[in-house]
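Take a look at the structure below.
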Amino acid sequence: MMASGSAPRTPPLASALEVFKTYLPLGLTSFGGPIAHLGYFHRELVQRRRWVSEEDYAQLLALCQFLPGPASSQLGFGLGLLRAGWLGAVAAFVGFTLPSALLMLLFATVLPQLSGPLGQAFLHGLALVAVAVVAHGVLAMGRRLCPDFTRVTIAALVIALMLVIGGAWAQIGAVLLGALAGLLLCRPTAPSGESPELGYGRRRGALLLLAFALLLALLPWLAESGPWALGAAFYRAGALVFGGGHVVLPLLEEMVVAPGWVGADDFLAGYGAAQAIPGPMFTFSVFLGASSTQGGGLLSGALVALVGIFLPGFLLLGGVLPWWRAVVSHPAAARAVAGVNAAVVGLLAAALYDPVWQHGIAGWGDFLIALAGFFILWRFRASALWVVAWCVGSHLTLTILVG
């Protein structure tokens with residue numbers, strides 16, 4: 001990338017192997033969820049390796065937050081794209097995602113063995129992890145993304161909308177209403193600086209956007225059951241969810257639990273397990289695909305779900321990047337993003353109640369364990385691994401003592 005009339009600010013185009021070798025350690029050590037991943041990327045790729053400038057990083061991050069899909073994974077994909085082209089983008093995705101995908105596949109393999117009382121207590125402990133982590137996510141995101149009365153009001157209205165209507169389409173409507181409310185009501189903040197330069201132009205970007213739209217429209221028509229239906233469901237989830245991470249929970253719950261493809265208890269157990277591993281939370285899809293009755297097998301279901309949920313976000317990012325320079329010059333875009341972020345907080349708060357709280361909290365003992373887990377995250381800023389150890393260990397101990 002270059003500023004007009006200046007020398008290059010970043011190193012020359014690198015190899016995909018270098019990108020993979022850089023991202024694999026991140027995939028093995030990046031605990032803490034999507035917000036933490038942004039810090040890992042900034043420290044390793046901006047401060048240490050200087051792959052991109054601070055301005056380029058900030059603008060790419062803004063775009064990833066505005067688009068649907070897993071923002072941290074999209075950011076990693078985009079940084080790999082800028083560093084080493086399309087092969088670099090793929091290498092970044094594989095390096096960052098492979099460790100957590102393999103761990104989730106392992107968990108799906110051993111889950112059927114956890115059928116006894118202690119196994120069920122272990123799984124319920126993971127559901128309590130989900131309660132603590134999502135509650136902490138609501139607080140952290142609310143403080144950062146809803147700093148004024150206008151955005152608090154947007155979030156509150158989204159909570160009401162989701163609790164009264166619910167469903168995937170209500171979630172999409174909430175995001176659109178948030179963007180409109182932000183455009184009309186939020187304070188204008190215009191982004192500054194240049195967008196990254198790419199090795200391709202708007203024509204290829206348009207083809208990527210066309211591929212995104214065609215897959216979204218045509219995949220549901222290919223089959224009503226089996227791997228094609230599974231792939232269509234996860235593609236739709238990746239294409240329509242804003243905020244990533246915890247916010248994908250209600251959409252996935254409706255798409256795989258409601259039709260009976262995955263049991264509700266298994267769903268929350270897998271989500272709880274996803275808190276204990278590094279890397280992107282969207283690898284939760286590997287567990288769901290492997291556990292689904294529609295996957296056609298453990299490995300095939302896992303692969304279909306993994307590709308399905310990540311592909312739309314990557315197609316969107318690659319397609320929109322050539323137009324991003326024109327977009328960021330308009331203050332209206334920043335106002336719309338502010339409204340969308342407030343709506344995302346509301347979606348997450350609604351998800352905390354249903355399905356996380358309803359499926360996780362069965363009594364006062366569960367509540368106190370989850371509350372302590374929340375305190376560990378909030379007061380000590382500890383890794384989610386400590387919350388997993390506390391919630392699972394406490395519930396196992398309680399089960400042994402009581403039963």
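The values are calculated or read from the model by the stated rules, or taken from the named source; none is laboratory data. Worth saying up front: this structure is predicted, and the values here are computed from it rather than measured. Positions of Cβ are backbone-derived with ideal geometry, glycine not excepted, and every protein chain shown enters the neighbour counts. The accessibility values were calculated without ligands, DNA or RNA, using every heavy atom of the protein model including side chains. Shrake-Rupley method; radii C 1.70, N 1.55, O 1.52, S 1.80 Å.
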Spot the failing condition for Ala140; the list is (1) surrounded by fewer than 22 Cβ atoms within 10 Å (Cβ to Cβ); (2) on the phi > 0 side of the Ramachandran plot; (3) not hydroxyl-bearing (Ser, Thr, Tyr), and only one is missed.
-> (2)
Pairs returned, first residue in region 293-304 that is among the hydroxyl-bearing types (Ser, Thr, Tyr), second residue that is in a helix (DSSP H, G or I) and surrounded by fewer than 24 Cβ atoms within 10 Å (Cβ to Cβ), beta-carbon separation under 9 angstrom, 6 or more apart or interchain, are Ser300/Pro227
Taking the stated definitions as given, is Ala343 of a type in the set (A, V, I, L, M, F, W, C), part of a helix (DSSP H, G or I) and modelled with pLDDT of 85 or more?
-> yes
Pairs, first of a type in the set (Gly, Ala, Ser) in region 381-403, second open to solvent by 50 Å² or more (accessible area, probe 1.4 Å), C-beta under 7 Å, six or more apart = Ser383/Phe31; Ser383/Gly32; Ala384/Phe31; Ala384/Gly32; Gly403/Pro117
Flag if Ala132 is surrounded by fewer than 24 Cβ atoms within 10 Å (Cβ to Cβ), among the small types (Gly, Ala, Ser), at negative phi and touching a helix residue (DSSP H, G or I) at 6+ places or on another chain (Cβ under 7 Å) = no
Would it be correct to say that Leu348 is open to solvent by less than 70 Å² (accessible area, probe 1.4 Å), closer than 17 Å to Leu126 by Cβ and under 21 Å from the mean Cα position of the chain (by Cα)?
-> no
Kindly establish whether Leu98 is in a helix (DSSP H, G or I) and farther than 21 Å from Thr29 by Cβ.
-> no
Out of all the residues in region 259-280, is one or more among the polar types (S, T, N, Q) and at pLDDT below 85?
-> yes
Could you pull out the residue among Gly33, Gly27 that is among the small types (Gly, Ala, Ser), closer than 29 Å to Leu377 by Cβ, surrounded by 15 or more Cβ atoms within 10 Å (Cβ to Cβ) and modelled with pLDDT of 80 or more?
-> Gly27
Filter region 213-238 down to residues that are without any contact (Cβ under 8 Å) to a residue 60 or more places away in the chain and not in a helix (DSSP H, G or I) and give me whichever is farthest from Met255 (Cα to Cα).
-> Ala223
Test Ala130 against the stated conditions and say whether it is modelled with pLDDT under 90, closer than 24 Å to Ile376 by Cα, of a type in the set (A, V, I, L, M) and more than 20 Å from the chain's Cα centre (by Cα).
-> no
